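Have a look at the structure below, then the notes.
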Amino acid sequence: MEASTITVHWHNDNQPIYAIDFQPGSTPRLVTGGGDNNIRMWNLTTNSGSGEVNNQSVEYLSTLRKHTQAVNLVRFSPDGTLLASAGDDGTLMLWRLCDGIVKDFGADEDEDDDDIKESWKVVAQFRSGTSEIMDVCWSPCGKYLVSGSMDNTVRVYQLSIGNDADKVTGKLIQSLKSHSHYIQGVYWDPLDEYIVSQSADRSVNVYKIIRKHSAI
């Protein structure tokens, strides 16, 4: 297998990019989160060239601005309809694609609004106190989220998605404090039986999922 660089893009002021994810499904949408507190959406396109050569490019779609500190992670839901983001501001946000273009009044003055191809809006958000969130993972069914934070805590949220696509509610159903140092990563077993967390305390904890009345 051969790999080549299609193009290079930056966040504002050449800030670090801390997170990246592909949207599931046939849409070639890529999302990045960075040290400029922003989330950026990109579209990967392949245009047929002459002969067997294909011209590939990355097209800027939009910037999502709600976080007040660096964005550490971005994760699409299993069906690709929701985007979870979290970072140093201790806020976990859920985003959904808008039907049309919505003007962002927080946009940088030097950014051309004509470059924006789509808009995303926050449909739910959760706080983990004032502690930075280091990682988030969706459950396979897309109805739960697990997060790991700098306060040594693993949190599990249960989501309720109504018939109206814009109505997403959720609640904290578990706070697991079995680590003695900050959480560096969390993962939800694809078979939906376990949750795993890794920590700076040099341990990996495995939690058995036991559901009671649709909750964990």
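What residue, among those in segment 124-167 that are part of a strand (DSSP E or B), closer than 17 Å to Gly80 by Cα and not hydrophobic (A, V, I, L, M, F, W, C), is modelled with the lowest pLDDT?
Ser160
Given the criteria touching a Gly at 6+ places or on another chain (Cβ under 7 Å) and among the hydrophobic types (A, V, I, L, M, F, W, C), does Met134 qualify?
Criteria met by Met134.
Quickly run through segment 176-216 and pick out the residues that are among the polar types (S, T, N, Q) and at pLDDT 95 or above.
Passing the criteria: Ser180, Gln184, Ser197, Gln198, Ser199, Ser203, Asn205.
Being under 30 Å from Asp99 (Cβ atoms) and either of a type in the set (Asp, Glu) or free of Cβ contacts under 8 Å to residues at least 40 places away in the same chain (or both) is the filter here; which residues of segment 130-158 pass it?
Passing the criteria: only Lys143.
Based on this model, can you work out whether Lys121 counts as at pLDDT 85 or above and either part of a loop (DSSP other than H, G, I, E, B) or in contact with a helix residue (DSSP H, G or I) (Cβ under 9 Å, 6 or more places away or on another chain) (or both)? Please lay out each step first, then the result.
On the way: at pLDDT 85 or above: yes; either part of a loop (DSSP other than H, G, I, E, B) or in contact with a helix residue (DSSP H, G or I) (Cβ under 9 Å, 6 or more places away or on another chain) (or both): no.
No.
Among the residues of segment 125-155, count how many are of a type in the set (Gly, Ala, Ser) and surrounded by 21 or more Cβ atoms within 10 Å (Cβ to Cβ).
Final tally of qualifying residues: 5.
List pairs: first residue in segment 163-180 and surrounded by 11 or more Cβ atoms within 10 Å (Cβ to Cβ), second residue modelled with pLDDT under 95 and not in a strand (DSSP E or B) anywhere in the structure, Cβ distance under 6 angstrom, at least six positions apart or on different chains.
Pairs found: Ile173/Ile216; Gln174/Ile216.
Quick one: in segment 181-203, of everything that is surrounded by 12 or more Cβ atoms within 10 Å (Cβ to Cβ) and hydrophobic (A, V, I, L, M, F, W, C), which residue is farthest from Asp151 (Cα to Cα)?
Trp188
If you check Ser175, Ser197, Ser180, which single one turns out to be assigned to a loop (DSSP other than H, G, I, E, B) and out of contact with any helix residue (DSSP H, G or I) (no Cβ under 7 Å at 6 or more places or on another chain)?
Criteria check complete, one pass: Ser180.
Every residue in segment 54-101 that is buried (at least 19 other Cβ atoms within 10 Å of the Cβ), more than 20 Å from Gln15 (Cβ to Cβ) and of a type in the set (S, T, N, Q), please.
Hit for segment 54-101 is Ser77, nothing else.
Going by the structure shown, is Asn47 in a strand (DSSP E or B), modelled with pLDDT under 70 and either surrounded by 13 or more Cβ atoms within 10 Å (Cβ to Cβ) or not basic (Lys, Arg) (or both)? Break it down into steps so the answer makes sense when it comes.
Values: in a strand (DSSP E or B): yes; modelled with pLDDT under 70: yes; either surrounded by 13 or more Cβ atoms within 10 Å (Cβ to Cβ) or not basic (Lys, Arg) (or both): yes.
Yes, satisfied.
The values are calculated or read from the model by the stated rules, or taken from the named source; none is laboratory data. Bear in mind that the values here come from a model prediction, so they are computed numbers and not experimental data. Note: ideal-geometry Cβ built from the backbone for every residue, glycine included; neighbour counts use all protein chains shown.
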